1. Suppose we keep only residues that are of a type in the set (D, E, K, R) and more than 19 Å from Ala124 (Cα to Cα) within region 8-30. Which one would you say is surrounded by the most Cβ atoms within 10 Å (Cβ to Cβ)?
2. State whether the residues of region 31-47 include one that is under 24 Å from Asn93 (Cβ atoms), buried (at least 18 other Cβ atoms within 10 Å of the Cβ), within 11 Å of the ligand (Cβ to nearest atom) and among the polar types (S, T, N, Q).
3. Taking region 89-111, which residues are assigned to a loop (DSSP other than H, G, I, E, B) and free of Cβ contacts under 8 Å to residues at least 24 places away in the same chain?
4. Inspect region 38-47 for any residue being in a loop (DSSP other than H, G, I, E, B) and among the small types (Gly, Ala, Ser) and give the result as yes or no.
5. Show the residue pairs that are 6+ apart or on different chains and have beta-carbon atoms under 8 Å apart, the first residue being within region 4-17 and within 15 Å of Lys37 (Cβ to Cβ) and free of Cβ contacts under 8 Å to residues at least 60 places away in the same chain, the second being within 11 Å of the ligand (Cβ to nearest atom) and outside any loop (DSSP other than H, G, I, E, B).
6. Determine if region 57-70 includes at least one residue that is β-branched (Val, Ile, Thr), within 12 Å of the ligand (Cβ to nearest atom) and in a helix (DSSP H, G or I).
7. Quick one: is Arg34 over 19 Å from Ala16 (Cα atoms), out of contact with any Ser or Thr (no Cβ under 9 Å at 6 or more places or on another chain) and part of a loop (DSSP other than H, G, I, E, B)?
8. Which members of region 71-83 meet the condition of being in contact (Cβ under 8 Å) with a residue 60 or more places away in the chain and either buried (at least 20 other Cβ atoms within 10 Å of the Cβ) or not in a loop (DSSP other than H, G, I, E, B) (or both)?
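Every read-out reported here was derived from the displayed coordinates using simple, explicitly stated rules and does not represent laboratory data. The structure displayed is predicted, hence computed values, not measured ones. Cβ sites come from the backbone with ideal geometry, for glycine too, and all protein chains shown count toward neighbours.
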Amino acid sequence: MSNLTFGIIKPDAVRAGKQGAIIQKILDAGFNIRGMKLIHQTVKQAEGFYAVHKERPFFGELTEFMSSGPCVVLALEKEGAVKAWRDLMGATNPAEAAEGTLRKEFATSIGENAVHGSDSEENAAIEIAYFFSKLELV
Ligand code: CMP
């Protein structure tokens, strides 16, 4: 799993019709897309996915937002995928995101920040398994 990471194109970016532009940037950055699907999470599914954040004050806002519309879940492959995808996404807060990053271009706030990415190889494996069966990974 070491060359794999997990990503989400969040409901704000899908609502804005930016999923195609974001997928093109992912391909241009040299990622191989090993899994991809459009899903609309329930609040319970979003709560399960973000369980590590359940004590945070923004947990309710986060899970409500993540279940507010369709999103695109992705299994991405590249050498050093976790860091490469975080670099392409940019800082969590778009106000701090560097030029050329996805969050600089597409995010509107720290909560509605267009994309998600795993923070470690271990979590990438857990997060891919949360959304994809083996049959859905090519
Ligand atoms: P993500 O990478 O999906 O992981 C956790 C998410 O929590 C993060 O992106 C942000 O969208 C969200 N988040 C972090 N801090 C805040 C905050 N202060 N208020 C609202 N949402 C936040």
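1. At the first step, the residues of region 8-30 found to be of a type in the set (D, E, K, R) are 10, 12, 15, 18, 25, 28.
Right, trim to more than 19 Å from Ala124 (Cα to Cα) and you get 12, 15, 18, 25, 28.
Values: Asp12: 22, Arg15: 14, Lys18: 18, Lys25: 17, Asp28: 9.
So the residue we want is Asp12.
2. Within region 31-47, none of the residues are under 24 Å from Asn93 (Cβ atoms), buried (at least 18 other Cβ atoms within 10 Å of the Cβ), within 11 Å of the ligand (Cβ to nearest atom) and among the polar types (S, T, N, Q).
3. Going through region 89-111, the residues assigned to a loop (DSSP other than H, G, I, E, B) turn out to be 90-93, 97-101, 107-111.
Across region 89-111, the qualifying residues are Gly90, Ala91, Thr92, Asn93, Ala97, Ala98, Glu99, Gly100, Thr101, Ser109, Ile110.
4. Keep residues of region 38-47 that are in a loop (DSSP other than H, G, I, E, B), which gives 40-42.
From what is left, the residues that are among the small types (Gly, Ala, Ser) are none.
Among the residues of region 38-47, not one is in a loop (DSSP other than H, G, I, E, B) and among the small types (Gly, Ala, Ser), which makes the answer no.
5. From region 4-17, the pairs are Val14/Cys71.
6. Restricting attention to region 57-70, the residues satisfying the condition of being β-branched (Val, Ile, Thr) are 63.
The next check asks that each one be within 12 Å of the ligand (Cβ to nearest atom); those that pass are 63.
Remaining after also requiring in a helix (DSSP H, G or I): 63.
Looking through region 57-70, at least one residue is β-branched (Val, Ile, Thr), within 12 Å of the ligand (Cβ to nearest atom) and in a helix (DSSP H, G or I).
7. Values: over 19 Å from Ala16 (Cα atoms): yes; out of contact with any Ser or Thr (no Cβ under 9 Å at 6 or more places or on another chain): yes; part of a loop (DSSP other than H, G, I, E, B): no.
Here the answer is no, as Arg34 does not meet what is asked.
8. Narrowing region 71-83 to residues in contact (Cβ under 8 Å) with a residue 60 or more places away in the chain: 71-82.
Those that are in contact (Cβ under 8 Å) with a residue 60 or more places away in the chain and either buried (at least 20 other Cβ atoms within 10 Å of the Cβ) or not in a loop (DSSP other than H, G, I, E, B) (or both): Cys71, Val72, Val73, Leu74, Ala75, Leu76, Glu77, Ala81, Val82.
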